[in-house]
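Q: The structure follows.
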Amino acid sequence: MADVVVRFENLVKVFSEGTKREVRAVDDFSLSVERGHLVTLLGPSGCGKTTSLRILAGFESATAGNVYIDERRVNDIPPQRRDTAMVFQSYGLFPHMTVLENVAYGLKVKRVPKREIVKRVAETLGLVGLEGLEKRPVGKLSGGQQQRVALCRAIITEPRVLLFDEPLSNLDAKLRKGTREQIRRIQQELNITSLYVTHDQAEAMSISDQIAVMSEGRLQQLGSAEEIYARPANHFVADFIGEANLVPATVVATSADEVRVRMYGAEIAIAQEDVAFGPDEPVDLVVRPEAVDLVAASEGDIRAFVRFSHYTGSIVLYSLELPDERRVAVQVANPQEHGFLQIDEEVGLRLHRRSLRVLARGSSDDR
Amino acid sequence: MKRMILCLSLLLVAGLALTGIAKETLTIYTAFDQDQAAVYIEAFEAANPDIDVEWVRLSSGEVYTRLQAEAANPQASLWFGGSNTSHIAAAKAGLLEPYKESLAWQYISPQFKDPEGLWIGLYVGYIGFVTNTEFLAEVGAEAPTSWQDLLKPEFKGEITLAYAFSSGTAYTTLAGMLTAIGSSEPGFDADDEAYVAAFNEQVGQYNTSGSAAATMVGLGEFGIGCVFSHDIVKKAISKGYPVVMTFPEEGTSYEIGGMALIKGGPQLELAKVFYDWAMTKEAQDLYKDFFRLPLNPMAELAEGSVRATDVNVLPIDLVWYGDNKDAMLDEWSEITGEY
Amino acid sequence: MKLDAYRREVRGEIRRLLHDPVLLGIVAVVFVLLAAFIVFPLIKVVQHSVWPGGTFQPKYFIDFFQKTYYWRPLVNSLIVGSLVSVFGMLVAFIFAYGIARTDIPGKGFFRLVAMLPIVSPPFLIALAAILLLGNHGVITDALRLNWDIYGLPGLVLTETLAYFPIAFMILEGVLSKIDPSIEEAALDMGASKLRTFFTVTLPLAIPGIASAMLLVFIRSLEDFGNPVVIQGRFRVLTVAAYHAVVGRFNMPLGATLAIFMLLPTLMIFVVQKYYVARKSYVTVTGKPSGIGLKSTEKHVKIPIFIALCILSGIILLMYGVVLFGSFTRLWGFDNSLTLDNYRYVFQVGGQYVWDTLKIALTATPIGGLLSILIAYLVVRKRFVGRGAMEFISMLNFAVPGVVVGIGYILAFNTPPFQLTGTALIIVLVFVFRRMPVGIRDGIAQLQQIDPAIEEASSSLGAGFFRTFTRVTLPLVAPAFLSGLVYIFVRCMTAISAVVFVVSAGWQLLTVALLYEVDQANLAAAAAYGYVIIGIVLAAIVLMRFVVARLFKGGLTPLGGE
């Protein structure tokens, strides 16, 4: 039986309920987080990820549904008694205190003796490379340093759940990468169950055990990075994660591990085993730009004309026009080696069978 | 948590401390002017070093209302000074404590004390007119010598005195008017009503304090004031202001400055010490400096004090006016529109 | 649907409150305090006006409408209020526009002058008016004028000068907050500066102007000190109520008059808060930014500068004549200089100085802490009844001081709540009278802090009390301390509520001042006035010094990069 630390059960949050300006920020959201895992809530702004996080922390209250920490219902418990600790987007450091005082704050609340506090603070600061800065007023630190102090402050209290609210948004790009790796490393070393919120896909995919993709208050798909990228459950996830071409097709036949579809006169077998489709069902095929080879016109599955090309050094991105005037994007790596195509040239598209995904038409959002 | 309990208890203690742990002092209300009261009370404290006096200065009307407000739990034990019409009203309302055992009460003549011992007279005063001579020169008039004179057109808006309800001086003045005008039966008759209405038109400003008019006339803010003669002498003439004092020929009203023990007062025994002291020659000699007329026959009189023989005095039924104060004030409010 | 949602919300809030006993305790205590010291006295006032002695007997209500002389004071008060709000707004506008929107010299000086009436007992100006413009005043005599300052002219003059600073503070904020790009856009499209002013600037400022006028109206309606001195035969409601209670112990009449005072002020308050304030196009919280178009044309600057000089001259003249009067032997008659008046104040009034200081210094920190606590609860916490708490604590803003005074006498005169005669009742009057302003300022200060900082504290396990004292208070400390001075100043200069609750044991300087004016001891009154001003100025200077020393480095809340 999986050791579940955090569980959202049919969570609903409605702002200004009953008024004209009613907003359903979270809509029947359910999620479980296992011990030691880092689960990321990923989605566009307004999708309900931050609201859900804050409900878990206790800063917002749920309109309906339940929140459990270690199977204890915490809906009505105030934030200071929930054994969670949060790292804020704006850091939330106490500006009138030094680094030591900030980091030690949670320990002081627990009445940890002073000597032990000093020791543990030094250890924790050491984890992030800030040893020796105890006496510095936090106002004198750089943004990256402040973020790490905020991290130390949260982890030193050894909370059951560590919460991250877009902690890297205020850092510049270069720092973001290094800091997120540091966060992941520490989280794994200390084996702290964590819930992480971000709108940055690269961030989510690089540090999470599982990603919960959200949109309009609902969970779209829960899975590993590879699952959501290679096997998106619906149009939203397919479109939100990475780039996707959606090509219409019709089902010919399905079997246990394969779906045969017909599109543009070609018949293609795609490896897919989890979904059942009926014969002649209209579907959309998710074709990632890198999942296509460009070959001679007669050798491909579909014929197309090159209409636009966009060279960025390591790849060239072609915009191709299909027989029905639909456009798809195809990415070719290392064009130096493979050669450049000309505008209006006719080519053939050979699709990578194992990289395609079939979605039922109209699966714009799902549970 | 501990810190919070500590703070809360500190606040509680502070609060309790402020409610004032009762001291062994005598609390009195006085209707004497601030500076006069200070002199008399300090003299008492000097003569009685073991008693500390806390006092509040209120006009006599205000003392009466304060007693009514505090009837369930009186804060003071003695009422020192002020026109006795208020004392009479308070006696009628059952707010005073009798003290017939006082020697002073026993030897003072009946017209200057309450028959039940509920109040006693400290001094006598007569209502006079104080007029600014520069004002007279400006309007080319003579100082008023009768109640009717006050209605002269050149005096319109130039008269000042206190509200009848807030000051014993003004109420006594009103009693004088009502007795002098029309029939001398107590209360308002038709002539009285007409007079008071007309007089009201002459008034430029009503004050809260009874003797303020003397100073204001001295300053020249107003032309004429109706004030007790001792206040006129003390506040205007002796200061050197350009004023002149006259009395109405029809006769003027007088007041008895009264003193009484407050029923249920917290320090009645101490109050009795003060009461007795206030009637002694030593205490009443002090009135000389303020031009009051002491009722202790042994006390000295000030230079230039007005005596009964200098002035025409009206036969005012002070007791009746004291008893019916509320009704009289209501009618006065009705006529003047002031309340 | 709406009701269900509401009920669910309330039940949820109650549950959460029950799980946080510290918060619950504090909320409960605050409600008890508000109920006892704001709501209860008001209820008593209403009760005594129509149920005196326990029977339903609205005699005075009926009398009020039937007898002319009963409602005349109400009409008078409204007339004065209307005139004062208009004139006050005009004076304030000149000051505000000159300081915020032009580059005339001497702005610091003009601003000081505009704030002068705030640090002194307001009715000092009435005293000055008599000294200068009374029937035998300096100017009256010098120019041989034949007028009567008592009555409507005196009331309008003194209240305008006394209360325009309130309008000034609002208007200065409004005018300096107008987004300059809006006006620049107008100019860009060819509108002249004058046209821009009338079609862009002024309309944007109208909600602020309306607010300013309404608030000055309320202050004028509740003014007690000035009318007592200078109303003459033009009776206003506050003095009538005072006389009814203190002069005649006619509590039903007093309570009825209090209600008629309360109705217009409450209406105006509600209109201002829920209607005008919502329409504001510019925010008035925080400090003025100082950016924005400055008029530099001579034909605008010069008249404004002249007008400001004249107005400042008048104000300084008034304060000057009172200062001079405090040193004269016999004002108007014997102007030889003497220190006797000050000796008098410290001898006869020496105890009053101590009493006043003791009470003010007790009420100030209590009032300050209570205000910031309530501001914190209202801004940061969610609990059942939060809206009610905010409303009740702001209520005293609209309740005239006289009504509060009468209410407190009625409410705390009999056991088990016998507080009359104590210092505690005066402290309470001060604490709860000053609260609305303190709360409003507290809310503004709290909104400057990144909420994440306090959430971080809760997230780390700190309860309400620790977060409030270790994190919030230190961050608002500079503004909080400055706010304390303001409370102290108002305690030292208040009159209309406290005149009802002074007693044998505890007397206040402002009331002593009033008594001296009552007895026409103008010089002594002037001396009292300047003793009060002296104490207030000392406090302001002291607090500036303290804040500067304590917060040398300056404190700004962090909020990310």
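Q: Being buried (at least 23 other Cβ atoms within 10 Å of the Cβ), in contact with a Gly (Cβ under 7 Å, 6 or more places away or on another chain), under 25 Å from residue A:184 (Cβ atoms) and touching a residue at least 60 places away in the same chain (Cβ under 8 Å): is that true of residue A:150 here?
A: On the way: buried (at least 23 other Cβ atoms within 10 Å of the Cβ): yes; in contact with a Gly (Cβ under 7 Å, 6 or more places away or on another chain): yes; under 25 Å from residue A:184 (Cβ atoms): yes; touching a residue at least 60 places away in the same chain (Cβ under 8 Å): yes.
The answer is yes for residue A:150.
Q: Suppose we filter A:293, A:344, A:324 for residues that are in contact with a strand residue (DSSP E or B) (Cβ under 7 Å, 6 or more places away or on another chain) and surrounded by fewer than 14 Cβ atoms within 10 Å (Cβ to Cβ); which single one remains?
A: Values: A:293 fails: surrounded by fewer than 14 Cβ atoms within 10 Å (Cβ to Cβ); A:324 fails: in contact with a strand residue (DSSP E or B) (Cβ under 7 Å, 6 or more places away or on another chain).
Within the list A:293, A:344, A:324, the selection yields A:344.
Q: Further, regarding this structure: Look through segment C:411-464, keep the residues that are within 12 Å of another protein chain (Cβ to nearest Cβ) and acidic (Asp, Glu), and return whichever of them is nearest to the chain's Cα centre (by Cα).
A: Looking at the filtered set, the residue picked out is C:450.
Q: Taking only segment C:121-143 into account, find how many residues are among the small types (Gly, Ala, Ser) and more than 18 Å from residue C:155 (Cβ to Cβ).
A: Taking segment C:121-143 first, the residues among the small types (Gly, Ala, Ser) are C:126, C:128-129, C:134, C:137, C:142.
Those still in the list that are more than 18 Å from residue C:155 (Cβ to Cβ) too: C:142.
Final tally of qualifying residues: 1.
Q: Return yes or no: is residue C:47 assigned to a loop (DSSP other than H, G, I, E, B) and not hydrophobic (A, V, I, L, M, F, W, C)?
A: When the stated conditions are applied, residue C:47 does not pass them.
Q: Same structure again: For segment B:133-167, which positions are among the aliphatic types (A, V, I, L, M) and in a loop (DSSP other than H, G, I, E, B)?
A: Our first condition is that a residue be among the aliphatic types (A, V, I, L, M); within segment B:133-167, this holds for B:136-137, B:139, B:141, B:143, B:150-151, B:159, B:161-162, B:164.
Hits for segment B:133-167 are B:141, B:143, B:164.
Q: Same structure, new question: Take segment B:113-140 and flag every residue that is in contact (Cβ under 8 Å) with a residue 24 or more places away in the chain and among the hydrophobic types (A, V, I, L, M, F, W, C).
A: B:118, B:119, B:120, B:122, B:124, B:127, B:129, B:130, B:135, B:136, B:139 - these are the residues of segment B:113-140 that are in contact (Cβ under 8 Å) with a residue 24 or more places away in the chain and among the hydrophobic types (A, V, I, L, M, F, W, C).
Q: Scan segment C:242-273 residue by residue and report those that are in a helix (DSSP H, G or I) and facing chain B (nearest Cβ under 10 Å).
A: The first filter runs over segment C:242-273 and keeps only residues in a helix (DSSP H, G or I), leaving C:242-247, C:251-273.
Passing the criteria: C:242, C:243, C:244, C:245, C:246, C:247, C:251, C:253, C:257.
Q: Run down B:201, B:221, B:185 and say which single residue is surrounded by fewer than 24 Cβ atoms within 10 Å (Cβ to Cβ) and at pLDDT below 90. Steps first, answer last, please.
A: Working: B:201 fails: at pLDDT below 90; B:221 fails: surrounded by fewer than 24 Cβ atoms within 10 Å (Cβ to Cβ).
B:185 is the lone residue from the list that is surrounded by fewer than 24 Cβ atoms within 10 Å (Cβ to Cβ) and at pLDDT below 90.
Q: Can you name the helices (runs of 4 or more DSSP H) wholly within segment A:132-237 that have at least 1 residues being more than 16 Å from residue A:36 (Cα to Cα), in contact with a helix residue (DSSP H, G or I) (Cβ under 8 Å, 6 or more places away or on another chain) and within 14 Å of another protein chain (Cβ to nearest Cβ)?
A: Numbers: elements: A:143-155, A:173-190, A:201-207, A:225-230.
It comes to A:143-155, A:173-190.
Q: Can you name the condition, by its number, that residue A:78 falls short on among (1) touching a strand residue (DSSP E or B) at 6+ places or on another chain (Cβ under 7 Å); (2) at the interface with chain C (Cβ under 8 Å from one of its Cβ atoms)?
A: Of the numbered conditions (1) touching a strand residue (DSSP E or B) at 6+ places or on another chain (Cβ under 7 Å); (2) at the interface with chain C (Cβ under 8 Å from one of its Cβ atoms), the odd one out for residue A:78 is (1).
Q: Tell me which residues, restricted to segment A:200-221, are surrounded by fewer than 18 Cβ atoms within 10 Å (Cβ to Cβ) and farther than 17 Å from residue A:184 by Cβ.
A: Passing the criteria: only A:216.
Q: Residues to consider are B:103, B:96; find the one that is surrounded by 21 or more Cβ atoms within 10 Å (Cβ to Cβ) and aliphatic (A, V, I, L, M).
A: That would be B:96, the only listed residue that is surrounded by 21 or more Cβ atoms within 10 Å (Cβ to Cβ) and aliphatic (A, V, I, L, M).
Q: Identify, please: which residue in segment C:469-479 is more than 7 Å from chain A (Cβ to nearest Cβ) and crowded, with 22+ Cβ neighbours inside 10 Å and is, among those, farthest from residue C:434 (Cα to Cα)? Step through it out loud before you land on a result.
A: Narrowing segment C:469-479 to residues more than 7 Å from chain A (Cβ to nearest Cβ): C:469-470, C:472-473, C:476-479.
Now restrict to residues that are crowded, with 22+ Cβ neighbours inside 10 Å: C:472, C:476.
Values: C:472: 21, C:476: 19 Å.
Here the answer is C:472.
Q: Among the numbered criteria (1) more than 25 Å from residue C:458 (Cβ to Cβ); (2) touching a residue at least 12 places away in the same chain (Cβ under 8 Å); (3) surrounded by fewer than 19 Cβ atoms within 10 Å (Cβ to Cβ), which single criterion is violated by residue A:134?
A: Tallying (1) more than 25 Å from residue C:458 (Cβ to Cβ); (2) touching a residue at least 12 places away in the same chain (Cβ under 8 Å); (3) surrounded by fewer than 19 Cβ atoms within 10 Å (Cβ to Cβ), residue A:134 fails exactly one: (1).
Q: Give the residue that is nearest to residue C:331 (Cα to Cα), with candidates limited to residues of segment C:123-166 that are among the charged types (D, E, K, R) and touching a residue at least 24 places away in the same chain (Cβ under 8 Å). Walk me through how you get there before you give the answer.
A: Pass one, segment C:123-166, residues among the charged types (D, E, K, R): C:141, C:144, C:148, C:159.
Pick out the ones that are also touching a residue at least 24 places away in the same chain (Cβ under 8 Å) and you get C:148, C:159.
On the way: C:148: 19, C:159: 24 Å.
Only one residue tops the list, namely C:148.
Q: Can I ask one more? Assess whether residue B:235 counts as being in contact (Cβ under 8 Å) with a residue 12 or more places away in the chain, of a type outside the set (Val, Ile, Thr) and surrounded by fewer than 24 Cβ atoms within 10 Å (Cβ to Cβ). Spell out how you get there, then give the answer.
A: Details: in contact (Cβ under 8 Å) with a residue 12 or more places away in the chain: yes; of a type outside the set (Val, Ile, Thr): yes; surrounded by fewer than 24 Cβ atoms within 10 Å (Cβ to Cβ): no.
Here the answer is no, as residue B:235 does not meet what is asked.
Q: Working carefully through the options A:95, A:113, find the one that is of a type outside the set (D, E, K, R) and at pLDDT 90 or above.
A: Working: A:95 fails: at pLDDT 90 or above.
Step by step, each of A:95, A:113 is checked, and only A:113 is of a type outside the set (D, E, K, R) and at pLDDT 90 or above.
Q: For residue A:244, indicate whether it is in contact with a His (Cβ under 9 Å, 6 or more places away or on another chain) and either surrounded by 18 or more Cβ atoms within 10 Å (Cβ to Cβ) or without any contact (Cβ under 8 Å) to a residue 24 or more places away in the chain (or both). Reasoning before the result, please.
A: Numbers: in contact with a His (Cβ under 9 Å, 6 or more places away or on another chain): yes; either surrounded by 18 or more Cβ atoms within 10 Å (Cβ to Cβ) or without any contact (Cβ under 8 Å) to a residue 24 or more places away in the chain (or both): yes.
It is true that residue A:244 is in contact with a His (Cβ under 9 Å, 6 or more places away or on another chain) and either surrounded by 18 or more Cβ atoms within 10 Å (Cβ to Cβ) or without any contact (Cβ under 8 Å) to a residue 24 or more places away in the chain (or both).
Q: Confirm whether residue B:81 is of a type outside the set (Asp, Glu), in contact (Cβ under 8 Å) with a residue 12 or more places away in the chain, surrounded by 19 or more Cβ atoms within 10 Å (Cβ to Cβ) and on the phi > 0 side of the Ramachandran plot. Even if it seems obvious, please write down each step before you answer.
A: Working: of a type outside the set (Asp, Glu): yes; in contact (Cβ under 8 Å) with a residue 12 or more places away in the chain: yes; surrounded by 19 or more Cβ atoms within 10 Å (Cβ to Cβ): yes; on the phi > 0 side of the Ramachandran plot: yes.
Yes; evaluated as a whole, the condition is true for this residue.
Q: Let me ask something additional. Could you tell me whether segment A:80-89 includes any residue that is buried (at least 18 other Cβ atoms within 10 Å of the Cβ), out of contact with any Lys or Arg (no Cβ under 9 Å at 6 or more places or on another chain) and under 24 Å from residue A:184 (Cβ atoms)? Before you say what the answer is, go through the steps one by one.
A: Within segment A:80-89, the first condition is being buried (at least 18 other Cβ atoms within 10 Å of the Cβ), and the residues that meet it are A:80, A:82, A:84-89.
After this cut, where a residue has to be out of contact with any Lys or Arg (no Cβ under 9 Å at 6 or more places or on another chain) as well, the list is A:88-89.
Filter again for under 24 Å from residue A:184 (Cβ atoms), leaving A:88-89.
Checked against the condition, which is being buried (at least 18 other Cβ atoms within 10 Å of the Cβ), out of contact with any Lys or Arg (no Cβ under 9 Å at 6 or more places or on another chain) and under 24 Å from residue A:184 (Cβ atoms), segment A:80-89 yields at least one hit.
Q: Only one of these is closer than 21 Å to residue C:490 by Cα and of a type outside the set (A, V, I, L, M, F, W, C): C:352, C:342. Name it. Before you say what the answer is, go through the steps one by one.
A: Details: C:342 fails: closer than 21 Å to residue C:490 by Cα.
Just a single option satisfies the conditions, and that option is C:352.
Q: On to the next question. Could you grab me the full set of residues in segment A:269-292 that are farther than 24 Å from residue A:237 by Cα and either of a type in the set (D, E, K, R) or at pLDDT 85 or above (or both)? Outline the logic, then answer.
A: Kept after step one, since they are farther than 24 Å from residue A:237 by Cα, are these residues of segment A:269-292: A:279-280.
Result: A:280, single match.
Q: Of all the residues that make up segment B:182-237, how many are within 13 Å of chain C (Cβ to nearest Cβ), in a loop (DSSP other than H, G, I, E, B) and over 19 Å from residue B:164 (Cβ atoms)?
A: Count: 3.
Q: Hand me the list of helices (runs of 4 or more DSSP H) wholly inside segment B:25-129 holding 3 or more residues that are of a type in the set (Ser, Thr, Tyr) and within 14 Å of another protein chain (Cβ to nearest Cβ).
A: Values: elements: B:34-47, B:60-69, B:84-92, B:103-107.
Hits in segment B:25-129: B:60-69.
Q: Separate question: For segment B:227-277, how many residues meet the condition of being in contact with a strand residue (DSSP E or B) (Cβ under 8 Å, 6 or more places away or on another chain), of a type in the set (D, E, K, R) and over 23 Å from residue B:174 (Cβ atoms)?
A: 3
Q: Can you name the residue in segment A:1-50 that is away from chain C (no Cβ under 14 Å) and polar (S, T, N, Q) and is also nearest to residue C:452 (Cα to Cα) among such residues?
A: Within segment A:1-50, the subset away from chain C (no Cβ under 14 Å) is A:1-10, A:25-49.
Subset that is polar (S, T, N, Q): A:10, A:30, A:32, A:40, A:45.
Numbers: A:10: 27, A:30: 26, A:32: 26, A:40: 21, A:45: 19 Å.
Restricting to residues being away from chain C (no Cβ under 14 Å) and polar (S, T, N, Q), the top hit is A:45.
Q: OK, next. What number goes with the only condition from (1) closer than 30 Å to residue C:450 by Cα; (2) assigned to a helix (DSSP H, G or I); (3) within 14 Å of another protein chain (Cβ to nearest Cβ); (4) modelled with pLDDT under 90 that residue C:383 does not pass?
A: Only one criterion is unmet by residue C:383, namely (2).
Q: Of a type in the set (Ser, Thr, Tyr), within 14 Å of chain C (Cβ to nearest Cβ) and more than 18 Å from the chain's Cα centre (by Cα): does that describe residue A:63? Show your work before the answer.
A: On the way: of a type in the set (Ser, Thr, Tyr): yes; within 14 Å of chain C (Cβ to nearest Cβ): yes; more than 18 Å from the chain's Cα centre (by Cα): yes.
Yes; evaluated as a whole, the condition is true for this residue.
The values are calculated or read from the model by the stated rules, or taken from the named source; none is laboratory data. Please read these numbers as outputs of a predicted model, since none were measured by experiment. A quick note on method: Cβ atoms are made from the backbone with ideal geometry, for glycine too, and the neighbour counts reach across all protein chains shown.
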